[in-house]
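K.L.:
Before anything else, here's the structure in question.
Read the figures in this text as sums done on the coordinates, not as results from a lab. As the structure is a prediction and not an experimental result, all values here were calculated from the model. Note that each Cβ is placed from the backbone with ideal geometry, even for glycine, and that neighbours are counted across all protein chains shown.
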Amino acid sequence: MARDMIAILDFGSGDNSGIARAVRKAGVYSEIVAHDITLEELNRLPGLKALIYNGGPNRAYGGQQLIPDEEVLKCSLPKIAVGCDFSVDGENLPCWNENEQNIINVLIEKAHVERNWTMEGFIEDQIAALRKQIGDKKVLLALSGGVDSSVVAALLLRAIGDQLTCVHVNHGLLRKGEPEQVIRVFKEEMGANLVYVDAVDRFLGKLEGVADPEQKRKIIGAEFIRVFEEEARKLDDISFLGQGTIYPDILESGTKTTKNIKSHHNVGGLPEDLQFELVEPLAQLFKDEVRAVGEALGLPHGMVYRQPFPGPGLGVRCTGAITRERLEQVRESDAILREEFAKAGLDQKVWQYFTVVPDIRSTGVRNHERCWDRPVIIRAVNTQDAITASIEEIPYALLGRIVNRIITEVPGVNRVLYDLSPKPVATIEWE
Ligand code: XMP
């Protein structure tokens, strides 16, 4: 299915994603391209109907004036400028600084762009593209159960069925019920080839006595690659590696104009002799679009709309050296918190909410006897971008219920605290 598209030329505005998302919200596919893209390169973009020049007041980046390509500026495609002036043959391009969505609608009407960017259309196109790319070869995918890898799995399954093998590594740091859900949804309900690897003892063994957070992260990351690699070597004739790369990962790696925020290292660390070609079917999508695709492919709502969860999992919420006892306390208290938040409808409202079990003890009284138990810390934050975060105000009665359940249901816990610290200075995670 052919779809129309608008290209956004990056003249250093710093908010290209905002414009790209606004165009897509209007039902038109959009892509951010380098400011000095040539006409020849533009002509290779399928369905291109209009251009948006997006820049700051001086169109400057790193003290340098950014010069538009003359041929592109003079081409017949309808154009607008946002946040900066551009002139063609002495005449300024229409330039709007008001409400973004209006500007975009005016451009769409003027250029007769069809609003035909839909998730159903995307799925249909991607399935055709994946079948063409992969042919009769085999694909391997690390399926963590997170939103991106789950949606990639569902899409690949629809496209190539049993040419796909998914590997789910249980490192022992997943939330309660997660490995079971991955097995149920993908293996039992969708019929995927799923290799389930129980690596709990192996990870916890490597982590034993390691208290430094960065060291813990490194061990978890490196061990994950090792386990995945071992599984990959057991399988024959794998040609492709599926990746849950999404559009913000690519944008964050930086274009020519926008500075590199962080390098995208989804691929990370597989040995050179394991050579796979990458399959990245979500690389054009923003997160909300990934979720919509997941739902359209029949994944459970809770899986597709789940809160962010760090790669090192509960490992960074069981502070200091991880013990099985404290890990269980984090897992059980987190499950209670999630259940109560869902009942109260807060799971739709709060960006991230979880519990932490620090490596300290305090005195308590249980059944008339002194106890020397652990505290559980609750954290619930809202944020746009995870760079700053504010504290969610939780109704007192709900907090009371959660506290009660945690101190009665989780063995070895005698105290519950609520973390009121915003980011900055406190990060969202405790480690
Ligand atoms: P912080 O703690 O830095 O977290 O305020 C910001 C966001 O990033 C997540 N986070 C991680 N995600 N690997 C990940 O995949 C990590 O090591 C990691 N550390 C933090 C955190 O959950 C929050 O959403």
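K.L.:
Using helices alone, what [θ] at 222 nm do you get for the chain, with -39,500 (n - 2.57) per DSSP H run of 4 or more residues, divided over all residues and rounded to the nearest 500?
P.N.:
-10500 deg cm²/dmol
K.L.:
Could you size up the charge dipole of the chain around its Cα centre, putting +1 on the beta carbon of Lys and Arg and -1 on that of Asp and Glu, and report it in debye to the nearest 20?
P.N.:
Value, rounded to 20: 1240 debye.
K.L.:
Give me the percent of Cα-Cα pairs in the chain that sit more than 28 Å apart, rounded to a whole number.
P.N.:
Across the chain, Cα pairs with separations above 28 Å total 58 percent.
K.L.:
Okay, next question. Please state, to two decimals, what the Cα-based radius of gyration of segment 317-418 comes to when divided by 2.2 N^0.38 Å (N = residues).
P.N.:
Its radius of gyration relative to the 2.2 N^0.38 Å reference: 1.10.
K.L.:
Compute the label zone of residue 363 within segment 402-431: residues whose backbone N is under 17 Å from the point 7 Å along Cα-to-Cβ.
P.N.:
414-415
K.L.:
OK, next. Taking a virtual spin label 7 Å from the Cα of residue 278 along the C-beta vector, which residues in segment 20-40 bring their backbone nitrogen under 11 Å of it?
P.N.:
none
K.L.:
If the cut-off is 17 Å between C-alpha atoms, which aspartates and glutamates fall inside it for residue 110, apart from same-chain ones fewer than 8 positions away?
P.N.:
Correct list for residue 110: 4, 100.
K.L.:
Also, I was wondering about something else. In terms of Cα to Cα distance under 18 Å, which aspartates and glutamates are near enough to residue 138, apart from those fewer than 8 places away along the same chain?
P.N.:
162, 229, 230, 231, 236, 237, 273, 277, 280
K.L.:
Compute the FRET efficiency between residue 335 and residue 87 as 1/(1 + (r/R0)^6), taking r as their Cβ-Cβ distance and R0 = 56 Å, and round to the nearest 0.05.
P.N.:
0.40
K.L.:
Testing the spin-label approximation: label points 7 Å from Cα along Cα→Cβ at residue 180 and residue 112. State their distance in nm.
P.N.:
Simple spin-label model gives 5.9 nm for this pair.
K.L.:
Continuing with the same structure: Along the positive direction of the dipole of segment 317-418 (beta-carbon charges: Lys, Arg +1; Asp, Glu -1; about the Cα centre), which of 357, 368, 345 reaches farthest?
P.N.:
368
K.L.:
Using alpha carbons only, how many angstrom separate the centre of segment 64-87 from the centre of segment 162-194?
P.N.:
Here the answer is 49 Å between Cα centres.
K.L.:
Within the chain, which complete DSSP H helices have Cα atoms spanning at least 30 Å along the helix axis and a mean Kyte-Doolittle hydropathy of 0.5 or higher?
P.N.:
Taking the DSSP H segments of the chain (at least 30 Å long, mean hydropathy at least 0.5), we get none.
K.L.:
Do any GluC sites (Glu not before Pro) in segment 78-136 lie in a DSSP loop with no more than 16 other beta carbon atoms within 10 Å, and if so, which?
P.N.:
98, 114
K.L.:
Sticking with this structure for a sec: Could you run the Debye sum over the Cα atoms of segment 5-110, one equal point scatterer each and no solvent, and tell me log10 of I(q)/I(0) at q = 0.18 Å⁻¹, two decimals?
P.N.:
Ignoring solvent entirely, the Cα scatterers give -0.82.
K.L.:
As an exercise, use a Förster radius of 30 Å and the Cβ-Cβ distance of residue 427 and residue 397 to find the FRET efficiency, rounded to the nearest 0.05.
P.N.:
Result of the calculation: an efficiency of 0.55.
K.L.:
Suppose we keep just the DSSP beta bridges with both residues in the chain; what percent of those would be antiparallel, to 5?
P.N.:
30
K.L.:
Counting other Cβ atoms within 10 Å of each Cβ, which trypsin sites (Lys or Arg not before Pro) in segment 16-112 have at most 15 and sit in a DSSP loop?
P.N.:
Within segment 16-112, the qualifying trypsin sites (Lys or Arg not before Pro) (loop, at most 15 other Cβ atoms within 10 Å) are 44.
K.L.:
May I ask which of 343/423; 137/287; 206/234; 74/287 have a Cα-Cα span longer than 32 Å here?
P.N.:
74/287, as the Cα separations exceed 32 Å there.
K.L.:
Set the Förster distance to 30 Å, then compute FRET efficiency between residue 127 and residue 383 from the Cβ-Cβ distance, nearest 0.05.
P.N.:
With R0 = 30 Å, the Cβ-Cβ based efficiency is 0.30.
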